[in-house]
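Novice: Handing you this structure, nothing more for now.
We did not get these values from a lab; they are worked out from the coordinates using the rules stated. The structure displayed is predicted, hence computed values, not measured ones. Positions of Cβ are backbone-derived with ideal geometry, glycine not excepted, and every protein chain shown enters the neighbour counts.
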Amino acid sequence: MTFFKFGMGTKVLMGENVCEQIMSEAEILGAKKALLVTDQGLEKAGIIERILKHIDENKLEVIIFNEVKPDPSVKTIDKGGALAREKGCDLIIAAGGGSPIDAGKGISVIANNSGSSADYEGLNQYKKPPLPLFAVPTTTGTGSEVTFGAVITNTDTNYKFILYGDDLAPKAAFLDPALVVGIPRSVLLPTAIDALTHAMESYISKNSTLQSRALALEAIRLIKKNLSPAIENSNNIEVMANMLYAANIAGIAFGTSRLGIIHAMALPLGAFFHVPHGIANTILLPHGLDYNFGYADKRYCDMARAMDEDPDSLSEQDGARKLIDAVKKLVRDIGAPTRLSDVGVKEDKINDMARDTMKSSHIPANPRPILEDEVAQIYRQAL
Ligand SMILES: [Fe+2]
């Protein structure tokens, strides 16, 4: 049997009003002062208030840093890190979608290390351990609440990079389905397809393990089963709990396995054209599956089964095709954009984006070897 390693660094707590547990988890760490990292939209929507009502400020002082924007930047993270240091925070609480949680990770590094987050691209590049981090996801997509990495954008160079570390995963994640109830379709769809892409790329990753594949496959099954009901009525708490859980276990899976060509190509789309991450994945998912066709057919058949298709009466290759067809149908049915030109991408940056794609740490995990020319070709096909 081939050697493999699977791990997760996060205690996951799930249930309605689970943020009640923040105090006891903070007490375990001995934390007295937290920087709450979020964005203004969540604050306006009253979500932060719903989290704060569970925090006893006599025991845990909270300072709010609400400046995170989509595709969190080096500048924002460095500013948040300096604030945490200046105020003497001993805990970071990140609440929101992927952007605030990733920003929280970067801030937890900068709070304890000198310099800028731009200096720490790659694995374990910082010297001192990051501040402990709690994560409260408010979308059903990111998985960042359990992963070891943060996606950060250097706006000076239009470059999105990953800062990751063995000790960078949140210490605890608080999954409250009541916080994702009623999220608008414009947030639900891209984040759900992001989670589906995490699960699929993780399942076929060269680094996947028995555990990560079990979690990834279950995530695919749950997303397929619950996405339509969630679109129909995002106020159904049971359905939204399933979506939140699916995104979480997809995150646990890819924390170990890494991802593949789709995520590697999605990052430059965000950096150059500010295409929201979930939309980039939604457009690229069918193209990425087409690209890897023939390199993981048995696993494609497993995923087709998880999506309620029946590949077993067919050859392995035809069964694998079923998966691609099912994904294309799903993306069509939900009315998501299917072309990069629909979301403002221009051809003149394709070569630059292909170059940056090749720097991604997801590239070695992809089942099919990837060449820069082929990446540029896929961007053109998707345009
Ligand atoms: Fe993603």
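Novice: Does segment 296-383 come out rounded, prolate or oblate, given a ≥ b ≥ c as the square roots of the eigenvalues of its C-alpha gyration tensor, rounded meaning a/c under 1.5 and, failing that, prolate meaning a/b above b/c?
Specialist: oblate
Novice: Ok, one more. Quickly rank 12-19, 167-174, 52-59 as a protection proxy: mean count of other C-beta atoms within 10 Å, highest first.
Specialist: Result, highest mean first: 167-174, 12-19, 52-59.
Novice: Would you list, by chain and number, the aspartates and glutamates whose Cα falls below 15 Å from the Cα of K322, excluding same-chain residues fewer than 8 positions away?
Specialist: Of all the aspartates and glutamates, those that pass the test against K322 - Cα under 15 Å, at least 8 places apart if same chain - are D290, D297, D302, D308, E309, D310, D312.
Novice: Something else: Tell me the angle of helix 98-110 to the major Cα principal axis of the chain, expressed in degrees between 0 and 90 and rounded to the nearest ten.
Specialist: Computed tilt is about 50 degrees.
Novice: For every helix of n ≥ 4 consecutive DSSP H residues, a contribution of -39,500 (n - 2.57) applies; sum these over the chain, divide by its total residues, and give [θ] at 222 nm rounded to the nearest 500 deg cm²/dmol.
Specialist: Calculated at 222 nm, the ellipticity per residue is -15500 deg cm²/dmol.
Novice: Taking a ≥ b ≥ c as the square roots of the eigenvalues of the Cα gyration tensor of segment 56-202, is the shape rounded (a/c under 1.5), prolate (a/b larger than b/c) or oblate?
Specialist: It is oblate, given that a/c is not under 1.5 and a/b is not larger than b/c.
Novice: For helix 372-382, what angle does its Cα long axis make with the longest principal axis of the chain, in degrees from 0 to 90 and rounded to 10?
Specialist: 80
Novice: For the modelled label position 7 Å from the Cα of E121 along Cα-to-Cβ, which residues of segment 166-205 have backbone nitrogen atoms closer than 14 Å?
Specialist: Answer for this model: none.
Novice: On to the next question. Taking only Cα atoms, what is the 0 to 90° angle, nearest 10, from helix 74-87's long axis to the longest principal axis of the chain?
Specialist: The helix 74-87 is inclined about 30 degrees to the chain.
Novice: Which aspartates and glutamates does K128 reach when only Cα atoms under 15 Å apart count, and residues fewer than 8 places away in its own chain are ignored?
Specialist: Leaving aside aspartates and glutamates fewer than 8 places away in the same chain, those within reach of K128 are D90, D119, D166, D167.
Novice: I need the phi-derived Karplus couplings for segment 340-346: 6.51 cos²θ - 1.76 cosθ + 1.60, θ = phi - 60°, integer Hz, Gly and Pro marked x.
Specialist: Here the 3J(HN,Hα) series is 5, 5, 5, 10, x, 7, 10 Hz.
Novice: Then there's this: At a threshold of 8 angstrom on Cα-Cα distance, excluding pairs fewer than six apart, so keeping six or more, what relative contact order does the chain reach in percent?
Specialist: It comes to 15 percent, rounded to a whole number.
Novice: Do the alpha carbons of any pairs in K11/K79; K105/K224; K105/K359; K33/K160; K105/K328; K5/K328 sit beyond 25 Å of each other, and which pairs?
Specialist: K11/K79; K105/K224; K33/K160; K105/K328; K5/K328
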